[in-house]
1. Looking for whichever is at pLDDT 95 or above, in the same structural domain as LEU193 (by TED's automatic domain parsing), closer than 19 Å to LEU195 by Cα and in contact with a helix residue (DSSP H, G or I) (Cβ under 6 Å, 6 or more places away or on another chain) here; the options are VAL207, VAL227. Which one fits?
2. Test ASP219 against the stated conditions and say whether it is touching a helix residue (DSSP H, G or I) at 6+ places or on another chain (Cβ under 8 Å), crowded, with 18+ Cβ neighbours inside 10 Å, outside any helix (DSSP H, G or I) and modelled with pLDDT of 95 or more.
3. Residue under question is ARG217, and the condition is that it be of a type in the set (Lys, Arg), free of Cβ contacts under 8 Å to residues at least 60 places away in the same chain and in the same structural domain as LEU278 (by TED's automatic domain parsing); does it hold?
4. Which numbered condition in (1) surrounded by 13 or more Cβ atoms within 10 Å (Cβ to Cβ); (2) part of a loop (DSSP other than H, G, I, E, B) is the only one that THR42 fails?
5. Could you go through the range 98-111 and let me know if any residue there is among the polar types (S, T, N, Q), closer than 19 Å to LEU168 by Cα and in contact with a strand residue (DSSP E or B) (Cβ under 7 Å, 6 or more places away or on another chain).
6. Is one or more of the residues making up the range 222-234 basic (Lys, Arg), closer than 24 Å to ARG155 by Cα and not in a helix (DSSP H, G or I)?
7. Please verify whether the range 158-176 includes one or more residues that are within 30 Å of LEU278 (Cβ to Cβ), at pLDDT 95 or above, within 16 Å of the chain's Cα centre (by Cα) and not assigned by TED's automatic domain parsing to the domain that holds GLU273.
Amino acid sequence: MASPPNGPRRRGDLLATQGTHRVTNGYRRAHHGIWEPANTVTTPITRLAAATLACPGAVATGWVAAAIHGHPWVPAEYSIELAVGGKRVRREGIVARRYEIPEDQVDTILDADGAPLRLASPEWALFDLARHAEKSEAVIALDGASRMGPGYDVRHSLPTLLARHPGLRGRRIALERCAMVEPLTESPMETRLRLFLIDLGLTGFRVQYRTPGLPYRLDFAFPERKVAVEYDGAGHRDAAQHGNDVRRLNRLRAAGWTVITVTATLLYRRPHELAALLRAALS
């Protein structure tokens with residue numbers, strides 16, 4: 001006897017095997033007309049499998065493709081982006097882009113039942129993020145790309161891709177955002193903070209700066225003014241880390257550094273206050 005499918009199924013197929021009264025027993029809705037086993041652990045691949053069944057022949061791109069390729073900074077929530085050719089597709093949770101990805105930029109993997117799933121190459125997925133995503137999200141995607149594999153540098157791979165495929169829509173904005181990449185950035189929030197500094201016209205900061213004479217590395221440093229900007233993320237919450245942070249701060253201040261500590265609340269909710277602090281420190 002054949003084992004039951006592990007991946008998503010159309011409702012019509014379930015109706016044929018489970019009957020009218022038990023049609024979706026043991027399944028949960030993934031898309032309109034598409035159901036997956038209720039015990040499915042949601043991953044980028046299972047999300048792509050359900051979307052592929054809903055949109056046969058489509059090629060995944062954007063965050064879902066980047067996630068499958070190993071991007072470390074995938075947002076907690078994102079829509080599935082699909083290149084669907086000339087078809088008009090309207091499905092909740094799916095962003096359908098009406099164009100075709102060149103076959104030399106399409107990879108194939110298998111779902112839980114061995115069915116093929118098509119997705120854009122890492123370079124193409126990043127290109128779509130660079131040209132379609134909001135600026136900070138696009139640069140986050142590009143900054144984090146260096147962590148997708150040893151020696152991977154989007155500052156080289158993206159322009160090379162665009163040189164091989166001239167005339168693509170969104171080429172200019174993708175290259176502009178590629179020029180903003182800083183592979184030393186260590187988190188999405190550091191990317192957002194770096195872009196905030198740039199938008200203020202504060203371009204003299206160096207990323208991951210090692211302080212002379214002290215065993216510390218600063219998120220952002222303006223060495224000529226001895227001004228440091230540090231992002232205070234979740235990793236700084238426990239008591240032991242807090243004690244280390246206080247000692248570090250005291251030693252930096254004793255060495256003449258002005259340290260501005262930035263939290264998500266300050267960056268998102270009080271940006272004018274943060275801007276004033278930065279300008280005052282550099283004046």
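The values are calculated or read from the model by the stated rules, or taken from the named source; none is laboratory data. Please read all numbers here as calculations on a predicted model, not as lab measurements. So basically every Cβ, Gly included, is an ideal-geometry build from the backbone, and we count neighbours across all protein chains shown.
1. Details: VAL207 fails: in contact with a helix residue (DSSP H, G or I) (Cβ under 6 Å, 6 or more places away or on another chain).
None of the other options fit; the residue is VAL227.
2. Values: touching a helix residue (DSSP H, G or I) at 6+ places or on another chain (Cβ under 8 Å): yes; crowded, with 18+ Cβ neighbours inside 10 Å: yes; outside any helix (DSSP H, G or I): yes; modelled with pLDDT of 95 or more: yes.
Judged against the criteria, ASP219 is a match.
3. For ARG217, the condition - of a type in the set (Lys, Arg), free of Cβ contacts under 8 Å to residues at least 60 places away in the same chain and in the same structural domain as LEU278 (by TED's automatic domain parsing) - is met.
4. It fails just one condition, (1).
5. Checked the range 98-111: at least one residue is among the polar types (S, T, N, Q), closer than 19 Å to LEU168 by Cα and in contact with a strand residue (DSSP E or B) (Cβ under 7 Å, 6 or more places away or on another chain).
6. no
7. The answer is yes, given that some residue of the range 158-176 is within 30 Å of LEU278 (Cβ to Cβ), at pLDDT 95 or above, within 16 Å of the chain's Cα centre (by Cα) and not assigned by TED's automatic domain parsing to the domain that holds GLU273.
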